[in-house]
Amino acid sequence: MTTASQFQQVARINQSLTASVEKRALQWMALRAPRWLTSDHLTLLGFAAQIASGFSYFLTRYDRRALLLVVACIALNWLGDSLDGTLARTRHQERPRYGFYVDHMADIFGSVALMTGLACSTLLHPSIAIAMLVAFLILSAESYLATHTLSRFVLSQGFFGPTEIRILLIAGNLAALRSPYSVLHGHKFLLFDIGGAIAAGAMLFLSIAVAIRHTARLYREEPLP
């Protein structure tokens, strides 16, 4: 059985473009956060904001200005999802197993809500939303398994992590607020269809590549007797 002390030894790896700046900003906020604010409050904020993002995407069926609500919800999701762990570590109130489990279950349910909202909007074809969700869940599952088997929790793939994805999503929302379409090689496509197809393909490719690399490593570390 995994104990809390064993779980704390898992290495957290974040090599994303914004990692160093984000870390300093989160530490600054954690040191100045009011005492009544807890990491559970922040986790709940991040989860509620992601659910609200999905609902706001649904509202774009009736008014595309709801994309501004999505942008605000994404910002709140970043705050809650990113600051909760930093606050707990700053106050020496770590609950590594509890935090890991709750954070990632919230991510899973929140992602389902987000993709459902997108699928119900007029910004993205439902099939691409499903492909993005499936690819995300596969990549997430690989990350969770690697955390358990390799004692390393990878927060980013290459230079891209959750914060970079949020930034791209905000940029896409602002672009779609102006026009939901884009012209590619003389053909008109939904902007989110193009971005969604690229994102789904990239996540699936990363899942396969990382799974092969980790399988090879585990095979070397546990050879047949």
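The values are calculated or read from the model by the stated rules, or taken from the named source; none is laboratory data. Treat the numbers as computed from the prediction; the structure is a model and nothing was measured. Cβ: placed from backbone, ideal geometry, glycine included. Neighbour counts: every protein chain shown.
Within the stretch 113-131, can you find the residues that are touching a residue at least 24 places away in the same chain (Cβ under 8 Å), surrounded by fewer than 21 Cβ atoms within 10 Å (Cβ to Cβ) and out of contact with any strand residue (DSSP E or B) (no Cβ under 8 Å at 6 or more places or on another chain)?
Of everything in the stretch 113-131, those that are touching a residue at least 24 places away in the same chain (Cβ under 8 Å), surrounded by fewer than 21 Cβ atoms within 10 Å (Cβ to Cβ) and out of contact with any strand residue (DSSP E or B) (no Cβ under 8 Å at 6 or more places or on another chain) turn out to be Ala113, Thr116, Cys120, Thr122, Ala131.
Quick check, is Glu22 within 27 Å of Ala175 (Cα to Cα) and either over 18 Å from the mean Cα position of the chain (by Cα) or surrounded by 13 or more Cβ atoms within 10 Å (Cβ to Cβ) (or both)?
Spelling it out, Glu22 is indeed within 27 Å of Ala175 (Cα to Cα) and either over 18 Å from the mean Cα position of the chain (by Cα) or surrounded by 13 or more Cβ atoms within 10 Å (Cβ to Cβ) (or both).
Conditions: (1) closer than 23 Å to Ser53 by Cα; (2) part of a helix (DSSP H, G or I). Leu124 meets all but one. Number of the miss?
(2)
Scan the stretch 88-101 and give yes if some residue there is surrounded by 21 or more Cβ atoms within 10 Å (Cβ to Cβ) and either in a helix (DSSP H, G or I) or of a type in the set (Phe, Trp, Tyr) (or both), otherwise no.
yes
Condition test on Ala88, is it touching an Asp or Glu at 6+ places or on another chain (Cβ under 7 Å) and of a type in the set (Gly, Ala, Ser)?
yes
Can you find even one residue in the stretch 180-196 that is at pLDDT 95 or above and either of a type in the set (S, T, N, Q) or in contact with a Phe, Trp or Tyr (Cβ under 9 Å, 6 or more places away or on another chain) (or both)?
no
Considering the stretch 112-121 alone, what residues qualify as being closer than 17 Å to Ala197 by Cβ and polar (S, T, N, Q)?
Across the stretch 112-121, the qualifying residue is only Ser121.
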